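The values are calculated or read from the model by the stated rules, or taken from the named source; none is laboratory data. Please read these numbers as outputs of a predicted model, since none were measured by experiment. Side chains included, ligands, DNA and RNA excluded: accessible areas come from the protein's heavy atoms. Shrake-Rupley method; radii C 1.70, N 1.55, O 1.52, S 1.80 Å.
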Amino acid sequence: MSRPPSLESSLYREHLALLQQGAEAALAATGHEALVIASGIEKFAFLDDRPYGFQPNPHFKHWVPLTQHPNAWLAVRPGRKLRVVVHLPADFWHVPPSPPTGEWVEAVELVVIREPDEAVAALKDVLGPRTAVIGEADAALAGLVPNNPEALLHRLHWARACKTPWELAQMRAASRRAAPAHLAARDAFLAGASEAEIHRAYLVASHHTDRDLPYANIVGLNEHAAVLHYQHQDEARPLQSRSLLLDAGAQVNGYASDITRTWATPGHAEFAALITLMDREQQALVAEVREGRDYRDIHLSSHHRLAHVLLESGLARPGTSAEALVAQQVTHAFYPHGIGHLLGLQVHDIGGHMASELGGTREKPAGHPYLRLTRLLAPGMVVTIEPGLYFIPMLLDRLRASPAASLVDWASVERLTPYGGIRIEDDVVCGSGAEAPENLTREAFAACA
């Protein structure tokens, strides 16, 4: 198991300098003098004193690797060192957050407070009528209220899509943390484990708990693999384990990996062959991640590639053309979601539909409402490539009732429906020019071998 890397000082300092440069330009362009960002507060269940897991403001953890520190703030001031205000309460009911440590601390001006409202005094010299304050409304203190200026947010969200070398190092580590856990989960599946047992095997191997996963694991056995965001984990072992779809990631210093794999048990050759076909096409789609490529075109390409899988596997009738399967939306019934999304500080990272740093929207292709990214790809962008092929009864019933039903071999569909479906997802870095994309996921699995 690869442990999270230390925060290499030179890479982090370069990261901080690039963020400072970008923030200063954004502040100047939008008429602001300084930027203050809240980490956020701990939230509680309604009418209860039970807290939810703390999720920091992604704008905050973009600057500093503090993911478990509510009531913290940071201040960006042109030409000056980043100020980080950390709340370390004196508390005998709970273990307070750990004091910041590591080489990165030397790169910032650190201020420790014991009560949340002391943040106002710690930031008094930064606050003024032209200060931008980013945060949720419930983070507000007297004299320190988020205003979230839209023009500034547009510029920050646009820039965040392209990762610095330090950010890419964290994301490589997040992939290396997830890959061996996927293999441990696969082994549990092949041994006949339940969904809950497979999930627990993943947690042990990833050194995660449910609280610090970047998203809730999707662990779907058999027909459950047809539910795109299947949210349960059955404790009971199925009478027969045929297939497993596992969508699970890991997190390092606030940066996520997002990986999906599908497996079949021995003796299910037809479904295993379908997984092999999908894996081949998924890798071909990864190769399309190039500078200047319209991500919408990769999505449309995925439908044409799926059409060929339907033909090659016998799910579509012989003599049918791939073009007809796409034009008559047969591929939509088997593959209703988008090809992927931006990845980074958030699993579905923000800014995917922006037209420019000034805002606006690049529209989704007609008939493809679930695509999460429509931008032109640029160096340093990290995207997921995750085509799928599912046997979803609701969508297949609609297809069966449509004029396109004659294009489908329904006997093959019936045989494969008990397997649920297939999704294969890799995290991919867009290179410069003709440079090949970097597949963080495949490299992490190769390191396991």
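Just a few scattered comments:
- Compared with the alpha-carbon gap, the fully stretched path from ASP397 to TYR370 is longer by 7.7 nm at 0.36 nm per residue.
- Between segment 57-81 and segment 202-247, the C-alpha centres lie 33 angstrom from each other.
- For ILE259, residues with placed amide H under 5 Å, excluding near neighbours: ALA248, GLY249
- Of ARG172, ARG400, ARG177, ARG296, the residue with the largest accessible area leads and the full order is ARG400, ARG172, ARG296, ARG177 (1.4 Å probe).
- Of PHE189, PHE44, PHE54, the residue with the largest accessible area leads and the full order is PHE44, PHE54, PHE189 (1.4 Å probe).
- Rounded to the nearest 10 degrees, the inclination of helix 165-190 to the longest alpha-carbon principal axis of the chain is 40 degrees.
- Entry comment: accessible area of segment 1-98 is 50 Å² per residue, from protein heavy atoms only and a probe of 1.4 Å.
- Computed from phi, the 3J(HN,Hα) profile of segment 412-418 under the Karplus parametrisation 6.51, -1.76, 1.60 (θ = phi - 60°) reads 5, 4, 4, 5, 9, 4, x Hz, with x in place of Gly and Pro.
- Estimated Rh, segment 258-356: Kirkwood, alpha-carbon pairs, angstrom: 15.3 Å
- Segment 362-404 versus segment 302-320: alpha-carbon centroid distance in Å: 16 Å
- Relative contact order for the chain: 15 percent, from Cα pairs under 8 Å spaced at least 6 residues apart, divided by residue count.
- Ligands, DNA and RNA aside, ASP409 has an accessible area near 40 Å² when probed at 1.4 Å.
- Highest-fluctuation residue, GLY102, GLY344, GLY380 considered, GNM on the chain with Cα pairs under 10 Å: GLY102
- Degrees between helix 9-30 axis and first principal axis of the chain (Cα, 0 to 90, nearest 10): 80 degrees
- Rounded tilt (10° steps) of 295-313 against the dominant C-alpha axis of the chain: 30 degrees
- Mean projected area in nm² (Cα convex hull; one quarter of hull surface) for the chain: 23.4 nm²
- Coupling constants for segment 333-347 follow from the phi torsions by the Karplus curve (6.51 cos²θ - 1.76 cosθ + 1.60, θ = phi - 60°), and in residue order they are 5, 8, 8, x, 9, x, 6, x, 6, 5, 9, x, 5, 10, 5 Hz; glycine and proline get x.
- Solvent exposure, largest accessible area first (probe 1.4 Å, DNA, RNA and ligands not counted), of THR30, THR101: THR101, THR30
- Across segment 385-400, rounded Karplus estimates of 3J(HN,Hα) from the backbone phi angles (6.51 cos²θ - 1.76 cosθ + 1.60, θ = phi - 60°) give 10, 9, x, x, 9, 10, 10, 9, x, 4, 6, 5, 5, 5, 5, 5 Hz, Gly and Pro being marked x.
- Theoretical ellipticity at 222 nm over the chain - DSSP helices of four or more residues, -39500 (n - 2.57) apiece, nearest 500: -10500 deg cm²/dmol
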